[in-house]
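Sending over a structure as structure tokens; questions will come in a sec.
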Amino acid sequence: MSKPAAPLKGRAARLARLMPSTGPSSAARTPFVLLVVLLLGGGLITLLLLNSALNEGSFRLSELKRDTTELTDEQQALQHDVDSRSQPDALEKRARELGMVPGGNPAFLNPDGTVRGKPTEATAPPPSPSPTPSPSTSADPEDPAAGPSASGASAGPSGSPSPSGSVSATTPDPAAAPSAENSPPPTSPGR
């Protein structure tokens, strides 16, 4: 058990008289407790704000990843479309639809101005036979290509109307064509 404390002497006795001996003061602890509570509360609020900011960033990141995936898929679909239209057979088909014909043998100019090779004119292949219109379909009277009797165009060797009206597209007129020796070689646009 504990023994009663011995009376203080000298300097200690004087200090003991200045301070009350009723026990530890609660007034001295209050600011410390308040400081600790404020630090803990501030830390928790900061942690909560940091956590919510991280969650918002996570949602934004997942949204951006989804958008990136969608745009990547769209870019791949467009690239596939470009690749399919860039294939030689697709280009040839589209060129024929536009009325283009394969070129003949090209001629090249040497640095000294002489022509190397003999250029040939590009000619259209004979048109494929088209099905005859049935009697139930009516021809447009304003369309001159609707029939040979619409404009009185002369027929070519196959019996179909020629595109120019009087000269066949497959056989060039030798008198109308200039000779390759006297004229400059034909040039293609874009080459």
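Calculate the FRET efficiency for K65 and K93 from the Cβ-Cβ distance with a Förster distance of 41 Å, rounded to the nearest 0.05.
E between K65 and K93, to the nearest 0.05, is 0.55.
Separate question: Under 5 Å between amide hydrogens, which residues at least 5 positions from L109 or on another chain qualify, with H placed 1.01 Å from N in the peptide plane?
It is R116, by chain and number.
Length gain on complete extension for the stretch Q75 to M100, per 0.36 nm per residue less the alpha carbon to alpha carbon distance? Show your work: numbers first, answer last.
Values: separation 25, 0.36 × 25 = 9.00 nm, distance 3.08 nm.
Net length gain for the segment: 5.9 nm.
Continuing with this model, one more query. What are the ³J(HN,Hα) couplings of segment 87-95, residue after residue, when phi is run through the Karplus curve with 6.51, -1.76, 1.60 and θ = phi - 60°? Round to Hz, x for glycine and proline.
Per residue, the Karplus-derived 3J(HN,Hα) values read 5, x, 5, 5, 5, 5, 4, 5, 5 Hz.
Which distance in nm do the two modelled labels at L39 and S86 give, with both placed 7 Å along the Cα-to-Cβ direction?
Label at L39, label at S86, 6.6 nm between them.
The numbers here are math on the coordinates, done by the rules we state, and not lab data. Since the model is a prediction, treat every value here as computed from it, not as a measurement. Note: ideal-geometry Cβ built from the backbone for every residue, glycine included; neighbour counts use all protein chains shown.
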